[in-house]
Each structure stands twice: as C-alpha cells, then as structure tokens.
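See structure below.
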Amino acid sequence: MKIALIGYGKMGKAIEAIALTKGHTVGLKIDMYNDEELTAENLRHHDVAIEFTGPHSAVKNIMACLDAGLPVVSGSTGWLEKWEKVKHYCQEKNGSLLYASNFSIGVNIFFELNKKLAELMAVLPEYGVSIEEIHHTAKMDAPSGTAITLAEQVLKQQPLKTAWVNEVTSDPGKLSIISKREDPAPGTHHVKYSSVIDDIEIIHTAHSRDGFAAGAVMAANFLAGKKGIFTMQDVMNIT
C-alpha cells in the first residue's frame with residue numbers, strides 16, 4: 001500500500017515508522033513547509049491518504065483527497081462543526097472517508113466500555129459524572145476529540161444532562177469536561193461517577209503515540225479500495 005501522509009509532525013512520523021515496518025511505502029509527506037505539493041496529480045499516485053493536521057486545515061485537506069479520488073483517513077480533531085458539509089461532499093464525489101477522534105485500539109475498546117457503563121448508570125441519578133482529559137501542551141484543541149466522543153456517549157444515556165461544558169460546573173444539566181495540558185502526556189482520559197457512597201471510574205492512559213499510529217495504519221489498510229464513510233467501529237468490526 002502506498003500512503004500519502006498529510007501532516008508530518010510527531011504523529012505523522014510515528015505513522016510512517018509503523019507503516020514501513022508493515023511493508024507499506026510513503027510516497028508523499030506534506031507539512032506546513034510544502035503544502036503546495038498537495039495536488040491532485042501527486043495524490044493520484046497513492047492508494048490512501050492519512051491526514052493528521054489540525055482544525056485549521058483538516059477540511060481543506062480532506063476535500064483535496066476526495067477531489068483526487070483518493071481514500072482518506074483523518075484523525076484531525078476540532079473541525080466537526082463542518083462534518084455534515086464534508087460528509088455530503090464525500091457522498092457527492094462517491095469518495096472514501098474514515099474519520100475517528102482516536103485511532104488507538106485501546107481507546108476504541110474504552111469507548112465501548114464507556115457506552116456500557118453510561119447505560120448502567122442511567123438509572124442511578126445519585127451518581128454525578130465528569131470527564132477529565134490530559135494531553136501535551138502542543139495540543140491545539142480543548143477538549144480533546146476523544147473527550148468529546150466520551151461525553152456524547154454519556155449524554156445519550158443521561159436524561160438529566162443536555163450538554164457538555166469545558167469547565168467545572170455545578171449545573172446538574174451540564175456534563176463537565178476538565179482539560180489539562182502537561183508535558184509529557186500522550187493522552188489520558190478519565191470518566192468518573194461519584195456518589196456519597198462510592199466512586200466508579202474508568203481510565204485510559206496512552207504511553208506513546210504508537211497505539212494511535214498503529215490504528216491509523218490499520219484504518220488505512222481497511223479503507224483502501226472501498227467507497228463510503230466509515231469509522232473505527234467498522235475497522236474493528238464492532239457492532
């Protein structure tokens with residue numbers, strides 16, 4: 001599989017290292033210094049693109065891949081207010097897109113645990129719920145895309161809560177997400193249910209970027225040659 005890497009920072013370099021060990025090749029590497037090379041002609045020589053940039057450039061990059069007919073895996077966060085626009089564009093182009101807020105296999109298992117725990121806790125209003133996420137200081141968005149996914153899963157099961165907020169709150173209708181930025185911290189996510197009697201907590205802690213990189217390469221391998229819009233649940237065959 002020949003991969004175009006859009007975003008060649010620490011994450012892009014980790015993806016490249018994993019891809020090469022699995023026998024894939026990287027034919028194009030795009031960063032802020034050569035973004036003029038992100039052309040349809042250059043993209044067409046590849047089997048799939050993996051896009052890890054940021055909220056300021058993700059939509060433009062994804063659409064460039066779709067214009068070139070290249071399947072694209074995106075792990076950029078902070079741009080989902082434009083998700084419907086991008087989804088419809090992909091459908092119009094009969095393209096291929098796989099988006100995930102987190103490509104780590106462990107985190108995607110964590111998502112499933114979070115959904116199940118939220119379902120069990122839905123009938124226990126005496127427990128308050130909160131979410132905390134910790135990342136490195138270079139992370140551009142807060143809360144993390146992973147924390148937002150966790151929060152939205154909880155909100156679906158909590159009838160008394162209507163929205164999440166990125167701060168400590170005493171409003172019973174709001175779900176608090178606390179964001180911390182510390183170095184070094186590849187990523188920790190913590191969902192906690194607290195009552196007067198006891199606490200119930202689930203925690204995922206990443207030790208390096210390798211888990212995210214391996215999942216992104218797995219997703220790219222899954223997406224190559226397919227048409228449509230997919231998630232990591234499709235990659236992992238989670239129903």
Subject >> Among (1) under 30 Å from TYR127 (Cβ atoms); (2) modelled with pLDDT under 95; (3) surrounded by fewer than 16 Cβ atoms within 10 Å (Cβ to Cβ) - the single one GLY187 does not satisfy >> reply: (3)
Subject >> Residues located in region 189-217, provided they are under 14 Å from the mean Cα position of the chain (by Cα) and not in a loop (DSSP other than H, G, I, E, B) >> reply: HIS189, GLY211, PHE212, ALA213, ALA214, GLY215, ALA216, VAL217
**OP:** Taking THR149 as the residue in question, decide whether it is within 22 Å of GLU81 (Cα to Cα), buried (at least 16 other Cβ atoms within 10 Å of the Cβ), among the hydroxyl-bearing types (Ser, Thr, Tyr) and not assigned by TED's automatic domain parsing to the domain that holds THR231.
**Re:** yes
Original post:
Out of region 218-239, which residues are β-branched (Val, Ile, Thr) and outside any helix (DSSP H, G or I)?
Top reply: ILE229, THR231, ILE238, THR239
Original post:
Taking into account only those residues within region 119-147 that are in a helix (DSSP H, G or I) and within 20 Å of the chain's Cα centre (by Cα), which is farthest from THR53 (Cα to Cα)?
Top reply: ALA147
Subject >> Residue among ALA19, ALA4 that is small (Gly, Ala, Ser) and touching a Lys or Arg at 6+ places or on another chain (Cβ under 9 Å) >> reply: ALA4
Original post:
Given (1) part of a strand (DSSP E or B); (2) touching a Lys or Arg at 6+ places or on another chain (Cβ under 8 Å), where does LYS180 come up short, assuming only one miss?
Top reply: (2)
Original post:
Any chance region 9-21 includes a residue that's of a type in the set (Ser, Thr, Tyr) and under 16 Å from VAL217 (Cβ atoms)?
Top reply: yes
**OP:** May I ask you to verify whether ALA224 is touching a residue at least 24 places away in the same chain (Cβ under 8 Å) and within 16 Å of the chain's Cα centre (by Cα)?
**Re:** no
Original post:
Of all residues in region 18-47, how many are crowded, with 16+ Cβ neighbours inside 10 Å and within 25 Å of GLY211 (Cα to Cα)?
Top reply: 9
Original post:
Is region 148-159 home to any residue that is outside any helix (DSSP H, G or I), touching a residue at least 24 places away in the same chain (Cβ under 8 Å) and in contact with a strand residue (DSSP E or B) (Cβ under 9 Å, 6 or more places away or on another chain)?
Top reply: yes
**OP:** Being in contact with a helix residue (DSSP H, G or I) (Cβ under 7 Å, 6 or more places away or on another chain) and at pLDDT below 95 is the filter here, so list the residues in region 123-133 that pass it.
**Re:** none
**OP:** For residues that are in contact with an Asp or Glu (Cβ under 7 Å, 6 or more places away or on another chain) and in contact (Cβ under 8 Å) with a residue 40 or more places away in the chain, scanning just region 30-64, find the one that is farthest from ILE15 (Cα to Cα).
**Re:** PRO55
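The values are calculated or read from the model by the stated rules, or taken from the named source; none is laboratory data. Please read all numbers here as calculations on a predicted model, not as lab measurements. So basically every Cβ, Gly included, is an ideal-geometry build from the backbone, and we count neighbours across all protein chains shown.
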